[in-house]
Each structure stands twice: as structure tokens, then as C-alpha cells.
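The values are calculated or read from the model by the stated rules, or taken from the named source; none is laboratory data. Computed from a prediction, not measured in an experiment: that's the story for all the values here. Cβ placement follows ideal geometry from the backbone for every residue including glycine, while neighbour counts extend to all protein chains displayed.
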Amino acid sequence: MANTVCVIGAGQMGTGIAQTALAAGWSVQVVDAFDSAFARSKSVIDKGLAKWAEKGLIDAEIAGNPALSYHSAIEQTSPAMLYIEAASEQLDIKLDIFRALDHHAPRDALLCSNTSSISITTLAAATSRPASVVGMHFFNPVPLMKLVEVIPALQTARTATERVISIAEAWGKTAVEAKDSPGFVSNRVLMPMINEAIGCLHEGVASAEGIDQIMHLGMAHPMGPLALADLIGLDTCLSILNVLHNGFGDPRYRPSPLLKQMVDAGYLGKKVGRGFYHYEG
Ligand SMILES: NC(=O)c1ccc[n+]([C@@H]2O[C@H](COP(=O)([O-])OP(=O)(O)OC[C@H]3O[C@@H](n4cnc5c(N)ncnc54)[C@H](O)[C@@H]3O)[C@@H](O)[C@H]2O)c1
């Protein structure tokens with residue numbers, strides 16, 4: 001059971017987390033409620049590992065024969081020492097997953113969530129072992145981004161937080177701790193900027209390209225806020241803003257009506273080929 005992780009959610013983040021763990025020599029099981037996610041996830045991981053092996057960053061054996069399997073339910077997985085939930089940013093989905101993990105995972109396992117904003121304390125309270133629940137917040141694209149924001153719940157044992165920090169570091173990441181507060185630090189700071197950029201677009205202050213160029217060239221951001229929103233996923237951005245708005249009760253976090261419209265239209269960003277921009281393939 002040593003160095004085994006079960007990742008729940010085979011979307012962009014679950015796939016990136018799985019690739020990162022494999023590259024560090026871990027065995028990985030990935031669970032998704034929709035089997036349709038598996039082929040894309042496997043192909044992304046195979047390509048990513050092959051590229052790293054070519055550059056000599058990982059063993060060719062890991063790339064050629066990754067210790068990776070896909071499952072339709074948590075109950076189908078074998079025991080792991082670490083579980084990372086990376087399913088859609090919706091409280092009811094995450095609560096169901098944490099209840100299932102509580103039922104199925106070994107008692108000494110760490111139960112982590114990659115949520116962008118949802119209370120880790122609430123997720124921990126859905127289990128009979130809240131001391132083992134920790135927020136382990138990766139960034140997109142996971143194989144490239146160095147940060148893991150580590151969020152202990154109110155009930156989390158210090159030893160559990162420290163184990164998560166040392167795993168993040170063993171996977172080549174830098175762990176930074178933040179308290180369990182809506183959006184933690186990263187999204188509490190980032191999302192109001194993205195929301196304001198969407199507000200500017202909605203009011204016609206500038207075009208999408210114009211807004212992104214201003215922030216990219218003027219503020220030295222690696223990409224503009226609208227391109228970043230597309231990369232994150234507009235559904236995820238909307239969910240995070242709703243958590244901030246409800247959590248603080250402050251109108252400054254109210255999601256832009258244009259963001260809601262984009263999500264209603266199914267324009268969820270890069271992952272579906274259309275958001276504020278169009279994407280080929
Ligand atoms: N996209 C980002 O930039 C980013 C960054 C950090 C954290 N996150 C967080 O990571 C999580 C996943 O985001 P994503 O961008 O990978 O989303 P995504 O839409 O790409 O993937 C979500 C996956 O969860 C699966 N899923 C839904 N319900 C499920 C269930 N009950 N059981 C198992 N799988 C289920 C979906 O089928 C999908 O494959 C969210 O909590 C999000 O807030 C996202």
C-alpha cells in the first residue's frame with residue numbers, strides 16, 4: 001500500500017495529479033463517474049510521460065508501463081494510502097465522495113480534496129475521521145505548476161497536514177499552507193480579478209483580446225485573465241465565485257451575469273473548445 005494514490009475525478013486536474021504521482025514513482029488508480037473521461041485522461045498521461053522520458057526527466061520504464069488503472073467507482077479500487085478528490089466543484093458531489101471514501105478507504109489513509117474553494121472543514125465533517133482530511137490544492141496544468149496550497153480543516157491533525165506537505169514535496173512541489181477560508185488565498189485573490197475582467201468585457205470596455213493584452217503586457221501576467229478563466233473552466237470559476245459570495249456575503253464577489261450566461265450556454269472554456277476564445281482540437 002506504500003506510495004499508492006487513488007484520484008477521484010479524471011478531468012483536467014485529476015489527470016494532471018495522476019501524471020505527477022506516476023512521475024514520482026507512485027501507483028495510481030483513477031476513478032470517474034463517467035467512463036467517457038478515461039480515454040482522454042489516459043492519452044494525456046501517456047503523452048505527458050513520454051515527453052518527460054524523452055527529456056530524461058523520468059525513467060523510460062515509468063513512461064512505457066505506468067502503474068495506472070481506471071475505475072468507475074471507489075468501491076472497485078484496492079486500498080491506497082492517499083486519496084485525492086478532484087471531481088467537479090460542487091459541494092453535493094464532493095460530500096458524496098467523502099462519505100464513500102470514509103466507508104471504503106483504510107483507516108490510516110489520508111483523505112484530501114483538490115477543491116478550489118469549498119470548505120475543507122465541511123468535507124471533513126462528512127466523515128467519521130475528520131482528523132485525516134486535508135485540502136491539497138494543485139494548480140493547472142498540474143505537471144508544470146510548482147505550488148500546492150495545503151489547507152488543514154478545523155479538525156485536521158497536525159500529523160496529517162505534515163504528511164501531505166511531505167508528499168507534495170516528494171512530488172517536486174512547493175507546499176504553502178493556508179487556513180480554511182472561502183477560496184483559501186489563491187482563489188480569493190485571483191477570482192475577483194477574473195470576474196472584473198469578465199465585467200469589463202460585458203460592459204464593452206475592451207475586447208477579450210484587448211483586456212488580456214493589457215493584463216499580460218501591462219502587469220507582466222503570463223496570460224490574461226480571460227484566457228486563464230478559459231483554462232480553469234468557466235463552470236469552475238462560477239462555482240468558486242458562488243462559494244466566495246455565499247461565504248463572505250459580500251457583493252464584491254457576485255459573479256458577472258456574463259459568466260453565468262457563458263456557463264448556461266455550455267461555453268465552459270478550453271476543455272470544451274469554446275469559452276471567451278475558440279480552441280482547435
Ligand atoms: N481547473 C483548474 O484550473 C483547477 C485548479 C485547481 C483546482 N481545481 C479543482 O479541481 C476539481 C476538478 O476540476 P477540473 O478542472 O479537473 O474539472 P473537470 O470538469 O475537468 O473534471 C471533473 C471531473 O469530475 C468527474 N466527476 C463528476 N462527478 C463525479 C463523481 N461523483 N465521482 C467521480 N468523478 C466525478 C467528471 O466526470 C469530470 O471528469 C474542482 O474541485 C476544481 O475546483 C481546478
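Brief remarks on what is shown
- Only one entry of Gln29, Gln19, Gln12 meets the criterion of being in contact with a Cys (Cβ under 8 Å, 6 or more places away or on another chain) and assigned by TED's automatic domain parsing to the domain that holds Tyr83, and that entry is Gln29.
- For Val189, the stated conditions do not hold, so it cannot be described as within 12 Å of the ligand (Cβ to nearest atom) and either exposed (fewer than 15 other Cβ atoms within 10 Å of the Cβ) or of a type in the set (D, E, K, R) (or both).
- Looking at Val164, Val142, Val148, Val133, just one residue is in contact with a Lys or Arg (Cβ under 7 Å, 6 or more places away or on another chain), crowded, with 17+ Cβ neighbours inside 10 Å and either modelled with pLDDT of 95 or more or closer than 22 Å to Ile17 by Cα (or both), and that residue is Val148.
- Tally, over the stretch 240-252, of residues that are touching a Leu at 6+ places or on another chain (Cβ under 9 Å) and either more than 14 Å from Glu196 (Cα to Cα) or near the ligand (Cβ under 10 Å from one of its atoms) (or both): 3
- Which listed residue is near the ligand (Cβ under 10 Å from one of its atoms), closer than 22 Å to Lys173 by Cβ and part of a strand (DSSP E or B), from Ile151, Ile118, Ile84: Ile84
- Test: residue in the stretch 73-88 that is within 23 Å of Asp235 (Cα to Cα) and among the β-branched types (Val, Ile, Thr): yes
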